[in-house]
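In what follows, a structure is listed as structure tokens, so that the remarks can point back to it.
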Amino acid sequence: MKNILVPTDFSAGAANALAYAYSLADAIQSSIILLHVIEIKMELMDLPIPSGATYQAQKEAAALAMEAQIEFAHSYYPEQKDTMVKIESVIKVGNPISAIKATAAEHESHLIVMGARGKKKSELEKMMGTLSSAVAERANEPVLIVPEGCAFRQIQQVAYASDLLLSDTYQLWSALKIIEPFSPVVRWVHVNKESSEEEIGKGR
């Protein structure tokens, strides 16, 4: 069965991404892996020295927060009570990017869905926004970044930005397999940087 990996930091943006992923999972008959990563803090001599009691307390708090988010996702769609999307929670300790990549590989996730932030950001939110971009660049699976406040709608059009690499065909195919039930119109986009720079030069 297909599954969608949804990393969460329990923020409003992450909750919105989960709501989006829930609707998408229902539409494509997929399950959800909800992941929270407790980041290892660096102590003396820049060596990671985790405190067992500290991380245990964080895990317990995260487990409660995960339950709340899962309940939120299910209650958000009461009309789907008979066919609720299966959500499995996973909590890990470590580097967020590495943990997300490893979890996606372990569960053979077909897609990673993450939240994005608006213009008004705290330092933590800026870091999480950077995390979404970093995962999109490094993950082997397609990554869908959901803008803040964005609600799920039937996917009708897809634009694929291409660098004309040999891997582009496979990347597009793997992404389209996920949203195949929507039969979207696909537009393949490539920007010729040299031509663009020439046109800019002519306009000066």
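Being modelled with pLDDT under 95 and not in a loop (DSSP other than H, G, I, E, B) is the filter here; which residues of segment 99-110 pass it?
Residues satisfying the conditions do not exist here.
Scan segment 146-168 for residues that are charged (D, E, K, R) and in contact (Cβ under 8 Å) with a residue 12 or more places away in the chain and jot them down.
Glu148, Asp163 - these are the residues of segment 146-168 that are charged (D, E, K, R) and in contact (Cβ under 8 Å) with a residue 12 or more places away in the chain.
For segment 167-181, state whether one or more residues are at pLDDT 85 or above, outside any loop (DSSP other than H, G, I, E, B), in contact with a Leu (Cβ under 7 Å, 6 or more places away or on another chain) and closer than 26 Å to Thr103 by Cα.
yes
The values are calculated or read from the model by the stated rules, or taken from the named source; none is laboratory data. Everything numeric in this text was worked out from a predicted model, so none of it was measured. Glycine gets a Cβ as well: all are built from the backbone with ideal geometry, and neighbour counts include every protein chain shown.
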